[in-house]
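Taking it in order: structure first as structure tokens, then the write-up.
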Amino acid sequence: MPTSLKDAYLYCPRCGELFAERSDSLSTCSECGLHLYHSPKPCVGIILVGDDGKLLMVRRGRDPHIGTWDVPGGFCEINETVIEAAIREAEEELHVKIEVDTVLDSLPEKYPYNNIEHSILSAFVIARIVSGQPTPDDDIDDMKYFTAEEALGLPFGFPSLKKGIQMYIDERKKDTP
């Protein structure tokens, strides 16, 4: 079981003193006054829709959750929007250029890494390939197209993925008269 952030970081990174107060969202140093917020890290999940309406799903080739199905995506970098992160991640993971059509919503999630449980906030976008043929990078074990309904039945490591795909299905229903 991964350690929570509040239990992983016991000492102030500024002065080295033991944090006087710690909660799931904030650690406070009584020595130097630092407030260390345990805010979620922003991520993007790309619901990549093919010409036939099927979704390109990828199987994780690395931990966390190696061997489970996922959508392409990853962490946002400093000074990067969700759309910019989606475009960059598609290029890095699949070697394709995409166009983001819709930003759906974001969902909170836990991300176990280095035996520490990090909080993330995954924004889901709907996108399509505008250039290139998907070729998986080394962190992807497999990739296949599935209908959205088939994708809902895949084994996911992150529960938010099922909710993200359901958001896509709900959005698609709104667009259908």
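The values are calculated or read from the model by the stated rules, or taken from the named source; none is laboratory data. Everything quoted here is computed from the prediction, not taken from an experiment. Cβ atoms come from the backbone with ideal geometry, glycine included; neighbour counts cover every protein chain shown. The accessibility values were calculated without ligands, DNA or RNA, using every heavy atom of the protein model including side chains. Shrake-Rupley method; radii C 1.70, N 1.55, O 1.52, S 1.80 Å.
Our helix-only sum for the chain, with -39,500 (n - 2.57) per DSSP H run of n ≥ 4 divided by its residues, gives a mean residue ellipticity at 222 nm of -6500 deg cm²/dmol. Derived scalar couplings between HN and Hα for the range 96-101 equal 10, 9, 10, 10, 7, 8 Hz in order, rounded to whole Hz, by the Karplus curve 6.51 cos²θ - 1.76 cosθ + 1.60 (θ = phi - 60°), x for Gly and Pro.
Viscosity 0.692 mPa s, temperature 37 °C: what is the translational diffusion coefficient of the range 45-131 from Stokes-Einstein with a Kirkwood Rh over Cα pairs, rounded to a whole number of µm²/s? If you can, show how the numbers build up before the last one.
On the way: Rh = 13.6 Å.
The estimated diffusion coefficient comes to 242 µm²/s.
Between helix 82-94 and the chain there is an angle of about 70 degrees, using the helix long axis and the longest principal axis of the Cα atoms. Listed by chain and number, the lysines placed with their C-alpha closer than 28 angstrom to that of LYS110 are LYS6, LYS41, LYS54, LYS144, LYS162, LYS163; residues fewer than eight positions away on the same chain are left out.
Considering only beta bridges that DSSP places wholly inside the chain, some 75 percent are antiparallel. Estimated at the nearest 10 Å², the accessible area of THR3 is 50 Å² with a 1.4 Å probe. Each principal axis of the Cα cloud of the range 64-110 was evaluated for its coordinate range; sorted largest first, these ranges are 27, 25, 22 Å.
Rounded to two decimals, the Cα radius of gyration of the range 8-62 over 2.2 N^0.38 Å is 2.00. Quick check: convex hull of the Cα atoms in the chain, volume per residue, rounded to a whole Å³? Enclosed volume per residue, from the Cα hull, is 128 Å³.
To the nearest ten degrees, helix 159-175 and the longest principal axis of the Cα atoms of the chain are 40 degrees apart. Its Cα centre serving as origin, the chain has a Cβ charge dipole (Lys and Arg +1, Asp and Glu -1) of approximately 360 debye. Of the solvent-accessible surface of the chain, computed with a 1.4 Å probe and all protein chains present, 50% belongs to carbon and sulfur.
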